[in-house]
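Written out below as structure tokens is the structure these notes cover.
The values are calculated or read from the model by the stated rules, or taken from the named source; none is laboratory data. Computed from a predicted structure; not experimentally measured. Neighbour counts run over all protein chains shown; Cβ positions are idealised from the backbone, glycine included.
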Amino acid sequence: MAVMLVPAFAAAQQDSSEMTRKVTSRVVPAYPELARAMNVKGSVRLQVVVAPNGTAKSVKVIGGHPVLAQAAERAVQKWKWERVAHDTSEPIELRFNPE
């Protein structure tokens with residue numbers, strides 16, 4: 001199983017004054033057994049609001065297969081970003097591919 005982080009998919013949609021924060025710690029999502037049994041692969045897009053301390057304040061699934069989305073959401077909630085003075089909104093895309 002491979003999970004790949006794709007560069008921010010919505011960089012063009014963000015305000016030009018906003019910069020994407022650097023991720024300091026990533027948790028790789030567990031590939032769901034149901035997805036493996038069904039041979040489900042694809043991308044999950046998330047929008048994450050990151051608190052000033054670098055933790056995920058909220059995670060919203062924008063798109064992707066529901067079986068994969070829950071695993072992606074759980075993993076990204078554990079990610080850590082660099083500290084800044086204010087909340088930021090970070091687009092994330094994870095690709096799941098059974099191997």
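If you go through region 45-71 one residue at a time, how many are touching a strand residue (DSSP E or B) at 6+ places or on another chain (Cβ under 7 Å), under 25 Å from Arg83 (Cα atoms) and either crowded, with 19+ Cβ neighbours inside 10 Å or not small (Gly, Ala, Ser) (or both)?
Counting residues in region 45-71 that are touching a strand residue (DSSP E or B) at 6+ places or on another chain (Cβ under 7 Å), under 25 Å from Arg83 (Cα atoms) and either crowded, with 19+ Cβ neighbours inside 10 Å or not small (Gly, Ala, Ser) (or both) gives 13.
I'm checking my understanding of the structure. Among residues of region 6-27 that are surrounded by 14 or more Cβ atoms within 10 Å (Cβ to Cβ) and at pLDDT below 90, which one is farthest from Ala85 (Cα to Cα)? So, considering only residues that are surrounded by 14 or more Cβ atoms within 10 Å (Cβ to Cβ) and at pLDDT below 90, the one farthest from Ala85 (Cα to Cα) is Phe9.
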